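Take a look at the structure below.
The values are calculated or read from the model by the stated rules, or taken from the named source; none is laboratory data. These numbers were taken from a predicted model, which means no experiment stands behind them. Here the Cβ positions follow ideal geometry from the backbone for every residue, glycine too, while neighbour counts run over all protein chains shown.
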Number of protein chains: 2
Amino acid sequence: MNFAAYLDQQKQYIDNMLKIFLPSENNYPETIHRAINYSIFAGGKRFRPILVIETALAFECTKEDVANYACAVEFLHTYSLIHDDLPALDNDDYRRNKPTNHKVFGEDIAILAGDALLTLAFETIAKDNPLCNNAACQTPYTKIKIMQELARAGGTFGMIGGQVVDLESEGKEIDIETLNYIHKNKTGALITSCLRIGAIAAGVNEKQLEDVTEFGNKIGLLYQIVDDILDVTGDEDKLGKKVGSDENNKKATYPSLLGLEKSREISEQIAREAEELLRHTDLKTGFFKNLIFFLLNRQY
Amino acid sequence: MNFAAYLDQQKQYIDNMLKIFLPSENNYPETIHRAINYSIFAGGKRFRPILVIETALAFECTKEDVANYACAVEFLHTYSLIHDDLPALDNDDYRRNKPTNHKVFGEDIAILAGDALLTLAFETIAKDNPLCNNAACQTPYTKIKIMQELARAGGTFGMIGGQVVDLESEGKEIDIETLNYIHKNKTGALITSCLRIGAIAAGVNEKQLEDVTEFGNKIGLLYQIVDDILDVTGDEDKLGKKVGSDENNKKATYPSLLGLEKSREISEQIAREAEELLRHTDLKTGFFKNLIFFLLNRQY
C-alpha cells in the first residue's frame with residue numbers, strides 16, 4: 001500500500017472513532033449537536049489524530065488504546081477552526097469547499113459549537129475509553145498529564161497566543177522572528193502536542209519525550225511553511241480554499257518575507273533535519289520517514 | 001460577623017486565589033492576558049467558587065485544599081459571560097457597570113479570551129495546587145472526576161444546552177417545562193456542579209453526593225427565579241445592569257409566565273424545601289442555612 005492510501009485508511013479509522021466519541025445529532029438540543037457534527041464531519045484530513053495514533057504505535061500501544069485522545073485533539077482542532085472562521089476573526093465563508101459553521105447555523109450557534117467542542121475535548125480525555133486493552137494508557141495519572149499537555153498547547157502560551165499575535169500582525173510589517181512565533185504557536189504547538197500525547201500515553205521516558213518533542217517541532221514547522229507556499233502556488237480545487245488568501249488578508253508568510261525559492265529551500269532543509277533526528281531516536285517506524293517526504297511534497 | 005460580611009470575606013479570599021492561578025497581564029502576548037484579567041477582575045460576586053469552598057469545608061477539607069477547583073469554576077463561569085455578552089448572542093455593552101470584554105478589546109479578542117478561560121479552567125484542575133495540605137483532595141483520580149463533572153455541567157447537556165434553548169426560545173411563547181429546562185441547564189447545572197466538586201474533592205460517599213446534588217438543584221433554581229424577579233423589581237445600581245432586559249429581549253421568565261406574586265410564592269416554597277433537605281443531610285454548616293435566606297431575599 002502506498003503512503004497516501006495508508007493515510008486514507010487511518011483517516012477512515014479516525015472517522016469511525018469520532019462517531020463513537022461525539023454525541024450524535026439526535027441529542028437534545030438538536031441544533032448544537034447538528035452544528036458540532038457538521039464541522040467534525042466536514043472532510044478533515046485527520047492529520048493531528050493520526051499523529052497521536054502513529055506515535056503511540058511507534059511505542060507499542062495500539063490505536064484503540066489511545067482512540068479517545070486522538071478524538072480529543074480533533075475536537076480541539078475543529079473548535080479552533082470554527083472560531084477562526086467567524087466574521088470577527090478570519091471571516092471565511094468556506095472551508096474544505098463547504099460553507100463554514102456560522103454560514104450554516106448562524107454566528108451564535110457557531111460560537112457555542114466551538115465552545116462545546118473545546119469542552120468535549122477535555123471530557124473525552126477524562127472519560128473511560130472502552131476500546132482500550134492496555135490500562136496503563138488510561139490511568140488517571142496519564143490522563144492528567146495529557147490534559148496538561150493539551151491545555152498548554154491550546155492555551156494562551158500556545159495556539160491562542162499564536163492566533164492573537166497573528167491577528168495583531170495583519171497589515172503590519174513583521175520580522176521572521178514574529179512569523180516564527182506565530183507558526184510555532186498557532187499551528188506548531190498542537191502538532192507537537194499530538195506526538196507528545198501519543199508518547200505520554202505509551203509511557204515513554206524523559207529522553208524519548210524530548211526526542212519526540214524535537215521531531216514534532218520540525219514536523220510542525222515543515223507543515224506550516226508548506227502551507228504558506230501552497231497559499232501561493234496551490235490548486236484551489238485540491239486545497240478546498242482560495243489561494244492567495246494570505247496575501248489578500250495581508251498576512252505575513254514565509255514566501256512574503258523570504259520569497260518562494262528561499263521558502264522552498266528552508267522547507268527542504270527542515271525535512272533533512274527531521275530525517276536526521278529520526279535516525280537518533282526510538283521513533284523509527286516507516287510512517288514518520290514517509291511523513292516527512294509526504295509533508296514536503298504535498299499538494300493539499 | 002453577619003452573613004453579607006462573611007460572604008465578602010470569602011470573596012476576598014477567592015480574589016487572592018484567582019491572582020495566583022491566573023497568568024498575570026504582563027505575559028506575552030499581553031493583549032489576551034489583559035483581556036482575561038479584565039473580565040476575571042471586573043467585580044464578580046464569586047458565588048460559584050464560594051459554593052465549592054463551603055461544600056469542601058462542610059466535609060472537613062480546608063479552602064486551600066480546593067482553591068484551584070474554586071478558581072476553575074470561576075474561569076469557566078467568566079468565559080460563559082464573555083461569550084454570552086457578544087453581539088451575536090445577548091449583545092450586552094455593560095456588565096456589573098463596566099463595559100463588556102468585546103467593547104474594550106474587540107470581538108476577536110473577546111472570543112479568544114473566552115476560549116482561553118475555558119481552556120484554563122481545565123488546566124487549573126489538572127495542575128498542582130501548591131496550597132493543598134491534604135493530598136487526597138488532589139489525587140489524579142479526584143481530578144479526573146472533577147473534570148468530568150465540570151465538562152458535563154458546562155457542555156451541551158448542561159450550560160451550553162441551556163443557552164441554545166434560551167436563544168431558540170427568544171420571542172416565542174414557551175411553556176414552564178421549557179423555562180425550567182433553560183434554568184436548570186443554563187445556570188443550575190454549574191451551580192449544582194460547584195457543590196458536587198467541593199464534595200467530590202472531600203471524598204464523600206454516594207449517598208452524601210446525592211444529597212448535595214439535590215440541595216444544589218434547589219439552590220440553583222432559587223438563584224434563577226430570584227434573578228428573574230429582580231429583573232422586574234430590582235435596583236439598577238445595585239444589580240449593575242438594566243432592569244427589564246429580559247422583557248426587552250423577549251425572554252420568558254418566571255414572572256412573565258406565572259406573574260410576580262406566584263413567582264415569589266414559588267421561590268419561598270423552594271427555599272423551604274431546601275431547608276428541609278438540609279435537615280436530613282450531612283451538609284449542616286450554618287453557611288448553607290444562611291445561604292438559603294440570603295438568596296431568597298437578595299437585592300442584587
- In the range A:264-287, what count of residues is obtained for those that are at pLDDT 90 or above and among the β-branched types (Val, Ile, Thr)? 2
- Query: Any residue in the range B:225-232 that is under 22 Å from the mean Cα position of the chain (by Cα), surrounded by fewer than 17 Cβ atoms within 10 Å (Cβ to Cβ) and part of a helix (DSSP H, G or I)?
  - Reply: yes
- Query: Mind checking whether some residue in the range A:123-132 is within 10 Å of another protein chain (Cβ to nearest Cβ), of a type in the set (Lys, Arg), under 14 Å from B:Ala126 (Cα atoms) and out of contact with any Cys (no Cβ under 8 Å at 6 or more places or on another chain)?
  - Reply: no
- Please determine, by comparing only the residues of the range B:259-300 that are outside any helix (DSSP H, G or I) and hydroxyl-bearing (Ser, Thr, Tyr), which one is nearest to the chain's Cα centre (by Cα). B:Tyr300
- In the range B:98-112, how many residues are more than 9 Å from chain A (Cβ to nearest Cβ) and touching a helix residue (DSSP H, G or I) at 6+ places or on another chain (Cβ under 8 Å)? 4
- Query: Of the residues that make up the range A:184-204, is at least one surrounded by fewer than 20 Cβ atoms within 10 Å (Cβ to Cβ) and either farther than 20 Å from A:Glu273 by Cα or among the acidic types (Asp, Glu) (or both)?
  - Reply: yes
- Task: Mind listing whichever residues of the range B:178-195 are closer than 20 Å to B:Arg46 by Cβ and without any contact (Cβ under 8 Å) to a residue 60 or more places away in the chain?
- Result: B:Lys186, B:Thr187, B:Gly188, B:Ala189, B:Thr192
- Task: Go over the candidates A:Asp65, A:Asp15, A:Asp8 one by one and state the one that is of a type in the set (D, E, K, R) and buried (at least 22 other Cβ atoms within 10 Å of the Cβ).
- Result: A:Asp65
- B:Thr78 vs. criteria modelled with pLDDT of 95 or more and farther than 17 Å from B:Gly114 by Cα: no
- Message: Condition (residue is under 20 Å from the mean Cα position of the chain (by Cα), within 24 Å of B:Leu112 (Cα to Cα) and without any contact (Cβ under 8 Å) to a residue 12 or more places away in the chain) applied to the range A:148-155: is it met by at least one residue?
- Response: yes
- Task: Quickly run through the range A:65-88 and pick out the residues that are facing chain B (nearest Cβ under 9 Å) and either of a type in the set (Ser, Thr, Tyr) or in a loop (DSSP other than H, G, I, E, B) (or both).
- Result: A:Tyr79, A:Ser80, A:Leu86, A:Pro87, A:Ala88
